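Since the structure comes first, as structure tokens, the remarks are kept for the end.
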Amino acid sequence: MNETDFDWYAVRVFLAVAENQSLSKAAQVLCLSQPTVGRHIARLEEQLDVQLFDRRQTGYELTGGGRRLIKIARSMARGAADFRRAVDLEKVGSKEQVCRITLGEWGQHYLTRHVDQITDGLDGVRIEFFADDAFWDLSRNSADIAIGNRQPKHPHLIVQKLGEIQFHVYASKDYCRKRPDAVDPSTWQEQIWAGYCGSRARLKSSQLLNAILLGKTCRYAVNNSVSLCNILNAGHAMGVLPDWIAETEGLTRLTASPLDQGESWMSFHERLRFHPMLSEVKDRVAKLFRQRFSETASRAEQRDTAHVAGAGSSSS
């Protein structure tokens, strides 16, 4: 292989096809045409003299050689993006400092409602939010801060726990008025549900809903979390949501005990400590999340106390 003729951009295309298992989906991610993506893959396979994918009706599947090379390709992508980000951070004396935050849709929904609390007094900071399921690959996403529900293990990242998350079944008051039996789990397979489709079907709340429906499909399916919340708020369906979001949306919790529990984590690069303005952004973001989780836990405790008191007075 002649390194001077090597198409380094094709490595990025290789990663996109491997992650999406589809030329068309990779093309959408890369903002390229499908034939262009196909040409990049064909040329890369020719240069490497290795078949990277098996072309199947179900999609593009990595061959054995492709699986071994994907690890190196990911390392290359991290290195390239890390270099670009390091260059950005070297410009610490410039008028505008960019802080890139990668997080899930719910996290973006929450933080973008509180941007003033993040940037107040930091006139030289530009905030970029990336709603992305790949929470922990900070280098590859060229981001500085990641928020998600899995604890990252990357040796060059500093990790902080933000709080606890519970998943419950929720519906609007309007839905509960129309269907008062919604509080009874034995009726849930007959209720109207909203859930996720597409890549969002991998999320925890989607898995929990599948366990409730036992093979039945929900009436409404979306690939956007805010849209799911909109359907529930409009009274059209029930759904499974994380408590730290649902408890502030005016929805009614229909489960006494959580369907499942999780944790929220923040991770960031070590080098962020040497950039005071970006480090301040990180501290403010962490404070916002911790405040929300604390408020959610307090609200749940008050509700449980009131429920116990009500049950006691009924029995007497």
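The values are calculated or read from the model by the stated rules, or taken from the named source; none is laboratory data. Predicted model only: the values in this text are computed from it and were never measured. In this analysis, Cβ positions are derived from the backbone assuming ideal geometry, glycine residues included, and neighbour counts consider all displayed protein chains.
Being in a helix (DSSP H, G or I), of a type in the set (D, E, K, R) and without any contact (Cβ under 8 Å) to a residue 12 or more places away in the chain: is that true of residue 177 here? It is true that residue 177 is in a helix (DSSP H, G or I), of a type in the set (D, E, K, R) and without any contact (Cβ under 8 Å) to a residue 12 or more places away in the chain.
Going by the structure shown, is residue 45 more than 26 Å from residue 154 (Cα to Cα), charged (D, E, K, R), outside the structural domain of residue 199 (by TED's automatic domain parsing) and under 28 Å from the mean Cα position of the chain (by Cα)? Give the steps one after another, and end with the answer.
Values: more than 26 Å from residue 154 (Cα to Cα): yes; charged (D, E, K, R): yes; outside the structural domain of residue 199 (by TED's automatic domain parsing): yes; under 28 Å from the mean Cα position of the chain (by Cα): no.
No; evaluated as a whole, the condition is false for this residue.
Just to verify a result, which residue in the stretch 212-229, among those that are more than 20 Å from residue 251 (Cβ to Cβ) and without any contact (Cβ under 8 Å) to a residue 24 or more places away in the chain, is surrounded by the most Cβ atoms within 10 Å (Cβ to Cβ)? If you could, list the steps in order and put the result at the bottom.
Step one: list which residues in the stretch 212-229 are more than 20 Å from residue 251 (Cβ to Cβ), which gives 214-217, 223.
From the residues that got through so far, the ones that are without any contact (Cβ under 8 Å) to a residue 24 or more places away in the chain too are 215, 217.
On the way: 215: 6, 217: 11.
Step by step, filter the stretch 212-229, then rank; the result is 217.
Taking the stretch 273-316 as the range and being at pLDDT below 80 and under 25 Å from residue 98 (Cα atoms) as the test, the residues that pass are 273, 274.
Taking the stated definitions as given, is residue 139 buried (at least 17 other Cβ atoms within 10 Å of the Cβ) and modelled with pLDDT of 85 or more? Here the answer is no, as residue 139 does not meet what is asked. Taking the condition among the acidic types (Asp, Glu) and in contact (Cβ under 8 Å) with a residue 12 or more places away in the chain, does residue 260 pass? Criteria met by residue 260. Answer yes if at least one residue in the stretch 275-294 is part of a helix (DSSP H, G or I), touching a residue at least 12 places away in the same chain (Cβ under 8 Å), surrounded by 21 or more Cβ atoms within 10 Å (Cβ to Cβ) and assigned by TED's automatic domain parsing to the domain that holds residue 201, and no otherwise. The answer is no, given that none of the residues of the stretch 275-294 is part of a helix (DSSP H, G or I), touching a residue at least 12 places away in the same chain (Cβ under 8 Å), surrounded by 21 or more Cβ atoms within 10 Å (Cβ to Cβ) and assigned by TED's automatic domain parsing to the domain that holds residue 201. Within the stretch 191-206, is even one residue aliphatic (A, V, I, L, M), in a helix (DSSP H, G or I) and free of Cβ contacts under 8 Å to residues at least 24 places away in the same chain? Yes, the stretch 191-206 has at least one match.
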